[in-house]
Amino acid sequence: MYWWSTKKLIADFRAGQVSEKQKLKYLITFALLHAISAEVLLWLNSEEGVIYNIYDWITVLTHILLIGWGISACYKANVAGDGKHFIERFICLSVPITIRYITIIIPILFLILIGLIVVVGGFTLELFEDIWWIEEWLYNEGISIITVVLIAVMLLAYYWEIRKAIQATAQPSTTATLPE
């Protein structure tokens with residue numbers, strides 16, 4: 001299994017060297033990674049398992065819509081190529097991309113969110129001490145809005161990467177440029 005690079009996996013798919021057993025390992029890994037990340041997101045956004053504000057519902061809806069869009073875009077990229085083995089390609093190519101996002105992108109987005117809390121929170125506290133509603137808005141709604149936007153951007157980028165890898169895999173080996 002390739003844990004990071006899609007380039008070698010794309011080459012193996014093109015050469016017909018990905019066995020059914022390897023595909024099974026990718027499927028199991030894919031399912032486990034998504035199950036774990038979904039649980040972590042629910043745990044981070046819940047209080048005793050209850051979604052507690054409108055922005056949590058917006059996040060869930062955005063997540064569902066972008067997953068649908070992302071899978072559809074990946075499917076269209078596969079059809080525009082040779083139109084073969086979509087599910088296998090999607091699942092197997094998703095594993096290294098998911099691992100990269102978990103280890104690189106999510107911590108970066110988390111640091112951005114923390115930075116925004118510190119910078120914007122500090123800004124409102126110092127300049128608007130008498131306007132309590134700005135601070136209240138920031139902590140009750142502002143961070144939630146920022147979270148919705150960051151999750152949307154992350155999902156768009158994630159599915160775009162998978163789409164690029166599927167597109168490269170579905171093209172004849174002489175015409176496609178391999179993504180990293």
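Values quoted throughout were computed directly from the atomic coordinates according to the rules given, and no laboratory measurement underlies them. As the structure is a prediction and not an experimental result, all values here were calculated from the model. Please note: Cβ atoms are built from the backbone with ideal geometry, for glycine as well, and neighbour counts cover all protein chains shown.
Below is a table of values for the structure above.
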item: Linear extension gain, L27 paired with L111, 0.36 nm per residue minus alpha-carbon span; result: 27.2 nm
item: Fully extended contour minus Cα-Cα distance, from I87 to L65, at 0.36 nm per residue; result: 6.0 nm
item: Pairwise FRET efficiency - I58 versus A80, Cβ, R0 = 30 Å, nearest 0.05; result: 0.40
item: Computed lengthening from V153 to S72, 0.36 nm per intervening residue step minus Cα-Cα distance; result: 27.4 nm
item: Footprinting exposure proxy for R89, R163, R14 (fewest neighbouring C-beta atoms within 10 Å first); result: R14, R163, R89
item: Exposure proxy ranking, count of Cβ atoms within 10 Å, fewest first, for T29, T169, T103, T6; result: T103, T29, T6, T169
item: Residue exposure sequence - M154, M1 - by fewest surrounding Cβ within 10 Å; result: M1, M154
